[in-house]
Amino acid sequence: MPLEAATLNRLEGGGDHEYLWTLNFGPQHPATHTTLRLIVQLSGEDIVKITPDIGFLHSGFEKLGEDLDYNQYVTIVDRMNYISPVANEISWFHAVEKLLDVQITPRCAYIRTIMAELARISDHLLCAGAAALDLGAFTAFLYGFYQREVIYDIYETASGQRFHPSYFRVGGVAYDVTDEWVAKVRNFVRDFPKTHADMVRLLNRNRIFVERTRGVGVLTKQLAISRSITGPVARSAGVVRDLRKDEPYLAYKELEGAFQVVCAQEGDCYARYQVRMEEMIESLKIIDAAIENLPSGPINVDANSKAIIPDQMSVYRSIESLIHHFELIMPNRQWTPPIEEVYGATETANGELGFYVVSDGSGASYRARTRPPSFIHFAVFPELMKGHQLSDIVAVLGSLNIIAAELDR
């Protein structure tokens, strides 16, 4: 049980300070994955205060956005939330296309929607599996990783790359999907429910898992709103917000009836786990509806818009396409966006991932600011841990699904 408020306030205020000691939790700890560090102040086994220390995976993502053009930057956003890279790409191009006033084709919108939901399932599988693994449940982790390999295979079929696909482009996608890709998506929709059911049977009524997560790290609805918490973490505390419903993009407006927003009220680690597990089923419904209604037609906007790079054969055979390709590649030409600023956000597996893009009229952004959910969720972590015991850190940390590459931008 957490420490009583009076005892916690007395310890925080300096009372009995001689009985407190400081522990460095991570980064060399299995639950922190060598990328997170927590400075923990303890009274025995009870946590008095936690101070997160970030900076162990700094890569300068935002600064690189000022140098690379709008298409090149896709390789960088891929490496932010590296658990679901495709979702990062969709968020980035959602903001860029808003800036350029580009409307993608229906086929492209459906392909992006399917890939986004596959990324959500992949992310949730790792979160649920790793959270269970940190608490000693190994088998569920293996079940989840098997299906993640299937999703990687679908990525590879579409883009040629498994882990960092870099598949999307301004105004469309790099390559059209094939019948083989459609068949693999259908097979995934057919086979995934069995793995999901196996994980549910292993964890939902597992006495150790439930006792380690229920009532631990409780996030209130008021705190979630005041700290800008989004995604499954907020919905597990009763905040009914999902950009796919509230601010529809891609094909979500057409598929609105195919899924529901999953919410809970408890706000603890177990509720966050349950919300993610149920969201995977809702994502599967979206994928099923989208793949069965996948439109035909072009995957990219009209080439006359000068927003997309022409395909390879057109460049080889047409002087107009060759000139167009040259202009988009040369850094002193490229796109001519308006001199303004935009913010575009999408609903990723961890919550609202947004990009604030400032344009100076050139082919690269003047400023590319990121709104990463992990950074915001990690900031509320100390509030959730007050009064809990040292052993509860891994449970709460796992339930928040903190991705270090989103912290150190």
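The values are calculated or read from the model by the stated rules, or taken from the named source; none is laboratory data. Worth saying up front: this structure is predicted, and the values here are computed from it rather than measured. When we count neighbours, we look across all protein chains shown, and the Cβ atoms used for this are built from the backbone with ideal geometry, even at glycine.
Annotations
- Hits in the range 197-240 (condition: under 20 Å from the mean Cα position of the chain (by Cα), in a helix (DSSP H, G or I) and surrounded by 20 or more Cβ atoms within 10 Å (Cβ to Cβ)): Ala224, Gly231, Pro232, Val233, Ala234, Arg235
- Residues in the range 355-367 that are under 22 Å from the mean Cα position of the chain (by Cα) and buried (at least 21 other Cβ atoms within 10 Å of the Cβ): Phe355, Val357.
- Filtered residues of the range 158-215 (kept if among the hydrophobic types (A, V, I, L, M, F, W, C) and either touching a strand residue (DSSP E or B) at 6+ places or on another chain (Cβ under 6 Å) or more than 19 Å from Tyr143 (Cβ to Cβ) (or both)): Ala158, Phe163, Phe168, Val170, Val173, Ala174, Val177, Trp181, Val182, Ala183, Val185
- Residue-level check: of (1) surrounded by fewer than 17 Cβ atoms within 10 Å (Cβ to Cβ); (2) modelled with pLDDT of 90 or more, Ile393 misses just (1).
- Residues being buried (at least 22 other Cβ atoms within 10 Å of the Cβ) and either outside the structural domain of Asn350 (by TED's automatic domain parsing) or of a type outside the set (Phe, Trp, Tyr) (or both) - total across the range 51-75: 3
- Qualifying residue in the range 150-168 (condition: buried (at least 16 other Cβ atoms within 10 Å of the Cβ), within 23 Å of the chain's Cα centre (by Cα), within 28 Å of Ser374 (Cα to Cα) and among the charged types (D, E, K, R)): no
- Residue match in the range 353-369 (condition: of a type in the set (Phe, Trp, Tyr) and outside the structural domain of Tyr252 (by TED's automatic domain parsing)): no
- Across the range 120-129, the number of residues qualifying as surrounded by fewer than 22 Cβ atoms within 10 Å (Cβ to Cβ) and farther than 23 Å from Arg244 by Cβ comes to 0.
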